[in-house]
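The values are calculated or read from the model by the stated rules, or taken from the named source; none is laboratory data. Everything quoted here is computed from the prediction, not taken from an experiment. Please note: Cβ atoms are built from the backbone with ideal geometry, for glycine as well, and neighbour counts cover all protein chains shown. Surface accessibility is based on the protein's heavy atoms, side chains included, excluding ligands, DNA and RNA. Shrake-Rupley method; radii C 1.70, N 1.55, O 1.52, S 1.80 Å.
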Amino acid sequence: MKGELLDLIQDTEILDYCMRKEGAYIDHPFGDDCIIVKIGNLRKNRIFAEIFVRDNELKLTVSTDEITAQKLRRDYPGVIVKGWHCPSVQTKYKSTVAVYGVSQDLIWQLIDISYDRAVSKLK
């Protein structure tokens, strides 16, 4: 089952979009059933996207500023929620999105925001 989930995730346009970002690479620190997309190197890196299947739905966790995260959760109740699998100090910034509950344009926008935040933290 885990292999099938990983295949589903790897076949998504979301992963392709993430991997087109400069310096992006895949890691599996939380196990094989969650694809983590990072930038940086082994000594200093940042996660900018977590792609996984939960409750039979494709999910994406991204990072935004606190105000944007609150607005997204208010505008998309039950579709965009506090970051799943995140430490409590990060939940005000990290949001988990039910991918098929929002537009593709919003997904790309959220990935871009999350990537830019990760880049800024590497400097």
key: Cα-centred dipole magnitude for the chain, charges only on beta-carbon of K, R (+1) and D, E (-1), debye, nearest 20   = 780 debye
inquiry  = Please compute the length gained on full extension between Arg74 and Ser103, using 0.36 nm multiplied by the number of residues separating them and subtracting their Cα-Cα distance.
reply    = 8.8 nm
task = State the percentage of accessible surface on the chain attributable to carbon and sulfur atoms; use a 1.4 Å probe and exclude ligands, DNA and RNA.
result = 49 percent
request  = Could you tally up the Lys pairs in the chain with alpha carbons closer than 15 Å? Skip any pair fewer than 8 positions apart unless they're on separate chains.
outcome  = 14
remark   = Dividing the helical contributions, -39500 (n - 2.57) per DSSP H run of n ≥ 4, by the residues of the chain yields a 222 nm value, nearest 500 deg cm²/dmol, of -11000 deg cm²/dmol
request  = Take every Cα pair under 8 Å in segment 62-120 that's 6+ residues apart, average their separations, divide by the length, and report that relative contact order as a whole percent.
outcome  = 40 percent
note = With the 1.4 Å probe rolled over protein heavy atoms, the chain has an accessible area per residue in Å² of 58 Å²
Globularity index of the chain, i.e. its alpha-carbon radius of gyration over 2.2 N^0.38 Å = 0.98
